[in-house]
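Working notes, beginning with the structure itself.
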């Protein structure tokens, strides 16, 4: 057991060591900020489609809750966990339970569409690269 723990700690230290390069750390932090802000903007832009508004601080809180909720054991697609988190986070801000559930389902749907779009684009790029490589090999 001790050997396994030492290997795990060594891997963690090796991963943290990659941030000793200030440029890499700055890029990581900048991209993290861009991702969080784009997700919060998406939350704020989706809310009016259901007839309410979500301010940026509430959007960040909702995203953080959903991120933490994704670490819990769940059904495929986190159905149930995200709804629980949305109700828990949004009801203190004046949302009804059904509004929070509807909003969480909308956000999940938007997330699936975005991931599907990027995935299909990646498949197309890889397919084109494979065809080009085969053409060059012949």
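Before moving on, here are some points about what is shown:
- Within the range 55-99, the set of residues being in contact (Cβ under 8 Å) with a residue 24 or more places away in the chain, closer than 22 Å to residue 113 by Cα and not in a helix (DSSP H, G or I) comprises 79 only.
- Annotation note: Cβ proximity below 8 Å between a residue of the range 122-133 that is touching a residue at least 12 places away in the same chain (Cβ under 8 Å) and a residue that is exposed (fewer than 10 other Cβ atoms within 10 Å of the Cβ) (sequence gap 6+ or interchain) occurs for no pair.
- Sole residue being free of Cβ contacts under 8 Å to residues at least 24 places away in the same chain and either surrounded by 14 or more Cβ atoms within 10 Å (Cβ to Cβ) or in a helix (DSSP H, G or I) (or both), chosen from 115, 110: 115
- Qualifying residue in the range 8-19 (condition: at negative phi, exposed (fewer than 11 other Cβ atoms within 10 Å of the Cβ) and in contact with a helix residue (DSSP H, G or I) (Cβ under 9 Å, 6 or more places away or on another chain)): yes
- Scan of the range 53-77 for residues that are under 18 Å from residue 97 (Cα atoms) and surrounded by 15 or more Cβ atoms within 10 Å (Cβ to Cβ), ordered by number: 54, 58, 59, 61, 62, 63, 65, 66, 69
- Count - residues of the range 1-40 that are free of Cβ contacts under 8 Å to residues at least 12 places away in the same chain and closer than 17 Å to residue 110 by Cα: 3
- The range 78-100, subset touching a helix residue (DSSP H, G or I) at 6+ places or on another chain (Cβ under 8 Å) and over 19 Å from residue 47 (Cα atoms), residue surrounded by the most Cβ atoms within 10 Å (Cβ to Cβ): 81
- Filtering 49, 44 for residues that are touching a residue at least 24 places away in the same chain (Cβ under 8 Å), closer than 17 Å to residue 106 by Cα, assigned to a helix (DSSP H, G or I) and over 12 Å from the mean Cα position of the chain (by Cα) leaves a single hit, 49.
Each reported figure results from applying straightforward, stated rules to the coordinates on display, with no laboratory input. The structure displayed is predicted, hence computed values, not measured ones. Backbone-built Cβ (ideal geometry, glycine too); neighbour counts: all protein chains shown.
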